[in-house]
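One structure is given below, represented as structure tokens, and several questions about it will come after.
The values are calculated or read from the model by the stated rules, or taken from the named source; none is laboratory data. These numbers were taken from a predicted model, which means no experiment stands behind them. Using ideal geometry, Cβ is built from the backbone for each residue, glycine included, and neighbour counts are taken over all protein chains shown.
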Amino acid sequence: MSEREASQTTGLQPRDATPAGASASSARVLKDHALRLALTNEVHARPPDSMTAPVRVTMLAMLSGEGAGETDRRHLESLCDWAGIPRPSQGATHHSASFGSFRLKWERHTEFSTWTVFRPSVTPAGTLADPFVEPALNAVPREWLNGLPGELMVGVHVAVLDDQTPEPSANMMTAMFGSENYVGSRIAGRSATAWTDFRIHGDGFSRMLVMDHSMTPRQTGRVVQRLLEIETYRVLALLALPAARGVLPRINPIEAGLADVTTRIATLRGLQDERDLLDRLTLLAAQTEQIASETSYRFGAARAYHELVEKRIDELREIRIEGLQTVREFMDRRLTPAIRTCEAVEQRLNNLSQRVARASNLLRTRVEIAVEGQNAELLQSMDRRAQLQLRLQETVEGLSVVAISYYLVGIVGYAAKGLKGFGLKVDPDMLVGLMIPIVIAFVWSGVRRIRKVIAGDH
């Protein structure tokens, strides 16, 4: 069969007859999944901003809780209206735009929003001066800044110096950070150096200094974003620590009460004691579940934030500077123990919940066994009553046979006397004597037949 004949049979065009762009037009015929575009673009969302040193950056992380994204977006719209630039799209969760003297990037996360301000350095390139004197945040309108939704959780000033600027000396670093307790390392394959102390200074902000040796603008943006995310997620991960410390005084009485209940299980004497103890166990279980429900979200978020911190530190590719702690060493000594404390409290709660459940099951089993024993005794008592009732019924039946036979024999005697009165030669006494066993047998047989009929109906 030729190619043209095959095309006529199948309804497909031959390869040499396919017009240019047919693949694109045929793809448009396919029905897209409702989430295809959103899921494809998700991996490209929130890219780091490209920046060229020298530049100054300020990042604010505002904790506003879940469901505050619309409020944040409306607040950003007011700044866009002030600057006369397009608003973010409806339902957007991130937006980046230039506002003239500064650039602002907004990102909405699950329970907080970050507002990052970028501004070229006011210090001429190659000049080494205090880079935190004039932060990027100063360019933002003060009234709009004061109206940011939520509460400030993280505030960081970042200064990125160019490769023409001499590297600060140890004395200058001490002056910038206020002490010698800062950390630093070569990062991004030695193409940059970063220093920070993870402290809040007198202006209410933390400080980070980055020396750009040979980074590209996009690489500089990625490095700055990683450093900011490390500080942000570090603080948010530590939100679980006060919660962990706060529930410890509530866990101790529950554990003591559970130990007392477990001890008393072996010494219970009655069903009422078992029920009282079961009520107490139910109360302990309710208290445990209440604490777990209050802290489960915070502990889960702490684990997620800590994992992000670890991931961002890996991406820095740190190389030690002799005499300084690296960022990883600092986090291992300061952040990791706090996260371990939260994990220990969470595990303690889980173990407590399991112990309460086991004690409850044990006590319920004991109560059920006791109830089954009482039910067995009740069944035995009912069985004895049934046997007594059967014997009484048999006695009554015997008496009934006697009574009925007595009356029937009397009737026979009266009939015999009547026959004798009519002149028949009948001896009433002899006839009654002969009829006694016949009547008794007849009555006894009738009573048995009636009892069988009644038993068959039941």
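Kindly evaluate Pro88 against the criterion of being touching a strand residue (DSSP E or B) at 6+ places or on another chain (Cβ under 8 Å), assigned by TED's automatic domain parsing to the domain that holds Gly155 and crowded, with 20+ Cβ neighbours inside 10 Å.
Considered against the rule, which asks whether it is touching a strand residue (DSSP E or B) at 6+ places or on another chain (Cβ under 8 Å), assigned by TED's automatic domain parsing to the domain that holds Gly155 and crowded, with 20+ Cβ neighbours inside 10 Å, Pro88 comes out as no.
Only residues that are among the acidic types (Asp, Glu) and within 28 Å of the chain's Cα centre (by Cα): list them for segment 75-116, please.
Glu107, Glu111
Is one or more of the residues making up segment 244-254 in a helix (DSSP H, G or I), surrounded by fewer than 18 Cβ atoms within 10 Å (Cβ to Cβ) and among the hydrophobic types (A, V, I, L, M, F, W, C)? Give the steps one after another, and end with the answer.
Taking segment 244-254 and keeping what is in a helix (DSSP H, G or I), we get 244-254.
Restricting the remaining residues to those that are surrounded by fewer than 18 Cβ atoms within 10 Å (Cβ to Cβ) gives 245-246, 248-253.
Still in the list and also among the hydrophobic types (A, V, I, L, M, F, W, C): 248, 251.
Yes, segment 244-254 contains at least one residue that is in a helix (DSSP H, G or I), surrounded by fewer than 18 Cβ atoms within 10 Å (Cβ to Cβ) and among the hydrophobic types (A, V, I, L, M, F, W, C).
So how many residues does segment 426-435 have that are assigned to a helix (DSSP H, G or I) and surrounded by 15 or more Cβ atoms within 10 Å (Cβ to Cβ)? Full working, then the answer.
Filtering segment 426-435 for residues assigned to a helix (DSSP H, G or I) gives 428-435.
Still in the list and also surrounded by 15 or more Cβ atoms within 10 Å (Cβ to Cβ): 428, 431-432, 435.
The total comes to 4.
Could you please let me know if Ser405 is modelled with pLDDT of 80 or more and either of a type in the set (Ser, Thr, Tyr) or in contact with a Pro (Cβ under 9 Å, 6 or more places away or on another chain) (or both)? Let's see the steps before the verdict.
Working: modelled with pLDDT of 80 or more: no; either of a type in the set (Ser, Thr, Tyr) or in contact with a Pro (Cβ under 9 Å, 6 or more places away or on another chain) (or both): yes.
It is false that Ser405 is modelled with pLDDT of 80 or more and either of a type in the set (Ser, Thr, Tyr) or in contact with a Pro (Cβ under 9 Å, 6 or more places away or on another chain) (or both).
Which of the residues belonging to segment 255-285 are farther than 12 Å from Val356 by Cβ, touching a residue at least 12 places away in the same chain (Cβ under 8 Å) and part of a helix (DSSP H, G or I)?
Step one: filter segment 255-285 for residues farther than 12 Å from Val356 by Cβ, giving 256, 260, 263-277, 279.
Subset that is touching a residue at least 12 places away in the same chain (Cβ under 8 Å): 264-265, 268, 271, 274-275, 277.
Of everything in segment 255-285, those that are farther than 12 Å from Val356 by Cβ, touching a residue at least 12 places away in the same chain (Cβ under 8 Å) and part of a helix (DSSP H, G or I) turn out to be Arg264, Ile265, Leu271, Glu274, Arg275, Leu277.
Continuing with the same structure: Being touching a residue at least 60 places away in the same chain (Cβ under 8 Å), within 21 Å of the chain's Cα centre (by Cα) and part of a helix (DSSP H, G or I) narrows it down to one of Thr220, Thr288, so name that one. Before you say what the answer is, go through the steps one by one.
Details: Thr220 fails: within 21 Å of the chain's Cα centre (by Cα).
Residue meeting the stated conditions: Thr288.
A further question on this structure: Please work out which one of (1) in contact (Cβ under 8 Å) with a residue 12 or more places away in the chain; (2) hydroxyl-bearing (Ser, Thr, Tyr); (3) surrounded by fewer than 11 Cβ atoms within 10 Å (Cβ to Cβ) is the condition Tyr305 fails and give its number.
(3)
Moving on. On the given criteria, is Thr165 crowded, with 20+ Cβ neighbours inside 10 Å, assigned by TED's automatic domain parsing to the domain that holds Arg56 and not in a strand (DSSP E or B)? I'd like the intermediate steps shown before the answer.
Values: crowded, with 20+ Cβ neighbours inside 10 Å: yes; assigned by TED's automatic domain parsing to the domain that holds Arg56: yes; not in a strand (DSSP E or B): yes.
It is true that Thr165 is crowded, with 20+ Cβ neighbours inside 10 Å, assigned by TED's automatic domain parsing to the domain that holds Arg56 and not in a strand (DSSP E or B).
Only one of these conditions is not met by Gly91: (1) of a type in the set (Gly, Ala, Ser); (2) at negative phi; (3) at pLDDT below 95. Which number is it?
(2)
Quickly run through segment 80-104 and pick out the residues that are in contact with a His (Cβ under 9 Å, 6 or more places away or on another chain) and part of a loop (DSSP other than H, G, I, E, B). Explain how you work it out, then say what you get.
Looking only at segment 80-104, we keep the residues that are in contact with a His (Cβ under 9 Å, 6 or more places away or on another chain), and these are 80, 87-89, 93, 104.
Hits for segment 80-104 are Arg87, Pro88, Ser89, Thr93.
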